[in-house]
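J.: Got a structure for you, questions after.
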Amino acid sequence: MGQGALAKFCVDSVLPFDTSSEPYEYVPPFGLKASQPIIDIGGVRGTRSHHAARSRKGAKTVGGDVTLPVSALMLDAWLPRILGAAKSGTAFAVAETLPEFQCMHDTVEKVFSYTGCRVSKAVFKGSAGSPLILVTLSILALDRSTGNAGTFPVLTMPVEAPYLFNELVLTVDGTDREAEDFELTIDNVGSAMMVNSFTASRINIRDRIVSLSFTNPFESGSVDLLDPDLPGLAATLVWTPSGLNSSTTITLPALQIPADDPTVQAKDQIPYKINAIARRTAGAAEIAITHNSAVA
C-alpha cells in the first residue's frame with residue numbers, strides 16, 4: 001500500500017541518484033508531477049459519440065511545488081539553485097543563469113525521477129501563528145521517468161533543527177520592526193519551452209522579481225513606512241538560531257514600498273500590511289545572502 005508517511009524525496013546535481021544524493025524532509029502536499037493530456041479531435045462525424053481511435057496523447061508537462069522546512073544545511077544546498085551563483089565562502093549572490101538539478105520521489109509503489117529541473121520561484125514564509133520557516137519551491141523539469149519500488153537510494157534523512165519565525169530580526173531603514181508574519185519571494189519567472197516535441201526542450205528563466213511582505217502594528221514606530229521616497233529603503237532579515245552555530249542574513253538594498261494605507265478591520269490592534277519590491281542599486285544586487293551553515 002502506498003502510505004504517504006513512507007514517501008521519500010532526494011535531489012542530486014547530476015545523474016545517477018546514489019548514496020551521495022541529498023535527502024530532504026518535505027511538508028505535504030508534494031506537487032511536483034507529470035501531466036499529459038489526451039488530445040481528441042472532437043469533430044462532426046454523424047454521431048455524438050467520440051471514437052477512441054481518434055485520440056492521441058499530447059505533450060507532457062512536468063512541474064509543481066515542493067515545500068521544505070528551512071534549516072542551515074538545507075539553505076547551503078538550495079540557495080545557489082534559487083539565486084544562481086555558486087557559494088563563495090559564506091556569500092550567496094544572484095546570477096543570470098540557474099543551475100540544473102535532478103529530483104527523485106519515492107511513493108512506495110513507484111519511484112519517480114525528474115530531470116532537467118530548475119527553481120522557477122521560491123517563497124519563504126513564517127508567522128507568529130505558524131512559526132516554522134518554510135520555503136515553497138516551484139520547480140520546472142524537462143521530463144519524468146518511472147522506476148520500480150526499491151530503486152530509491154539508501155539515504156539518511158537530516159536531523160538538524162529548523163529555523164523559526166520567533167528568531168527573525170527584521171530591519172527596515174535602520175529600525176528593527178515588529179512583524180506578525182513575513183513572506184519573501186524570489187521569482188525567477190521560469191517557463192518550459194514546448195516545441196515540436198512531446199517533452200519540454202528547455203527551461204527558460206526569464207526574469208527575477210524579489211518581493212517582501214510583512215504585517216506590523218500601525219503605530220508611531222511604523223508610520224515612516226507609509227510612503228517612503230524612492231529609490232527605496234535598505235532592509236535585512238536575520239536569523240541566528242539559538243543553540244546552533246549557524247546564521248543567515250538576507251540583505252535587500254533598496255526596498256520600494258508603495259503607498260497603501262492601513263485599514264481598521266476590528267477593535268484590535270490596527271495592522272499595517274507592507275507589500276514591497278526589492279530593487280538593485282548601482283553598487284548592489286536586489287538581494288544578497290550571507291549564510292553560515294555550520295551546525296553545532
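The values are calculated or read from the model by the stated rules, or taken from the named source; none is laboratory data. A quick note: this is a predicted structure, and the numbers were derived from the prediction, not measured. Every residue, glycine as well, gets a Cβ built from its backbone with ideal geometry; the counts of neighbours run over all protein chains shown.
J.: Restricted to the stretch 188-247, and to residues that are among the aromatic types (Phe, Trp, Tyr) and farther than 20 Å from LYS121 by Cα, which residue is surrounded by the fewest Cβ atoms within 10 Å (Cβ to Cβ)?
T.: Selected residue: PHE198.
J.: Kindly indicate whether any position in the stretch 135-149 is surrounded by 19 or more Cβ atoms within 10 Å (Cβ to Cβ) and β-branched (Val, Ile, Thr).
T.: Checking the stretch 135-149: at least one residue is surrounded by 19 or more Cβ atoms within 10 Å (Cβ to Cβ) and β-branched (Val, Ile, Thr).
J.: Same structure again: Quick one: is ASP187 acidic (Asp, Glu), at pLDDT 95 or above, within 22 Å of LEU255 (Cβ to Cβ) and within 13 Å of the chain's Cα centre (by Cα)?
T.: yes
J.: Also, I was wondering about something else. What do you reckon, is ASN216 modelled with pLDDT of 95 or more and not in a helix (DSSP H, G or I)?
T.: no
J.: Take the residues in the stretch 59-86 that are without any contact (Cβ under 8 Å) to a residue 60 or more places away in the chain and part of a loop (DSSP other than H, G, I, E, B); name whichever of them is surrounded by the fewest Cβ atoms within 10 Å (Cβ to Cβ).
T.: ALA86
J.: Examine the stretch 256-270 for a residue that is of a type outside the set (Gly, Ala, Ser), more than 19 Å from the chain's Cα centre (by Cα), exposed (fewer than 14 other Cβ atoms within 10 Å of the Cβ) and assigned to a strand (DSSP E or B), and state whether such a residue exists.
T.: no
J.: The conditions are (1) surrounded by 19 or more Cβ atoms within 10 Å (Cβ to Cβ); (2) in contact with a helix residue (DSSP H, G or I) (Cβ under 9 Å, 6 or more places away or on another chain); (3) among the aliphatic types (A, V, I, L, M), and ALA294 fails exactly one of them. Which is it?
T.: Failing condition for ALA294: (1).
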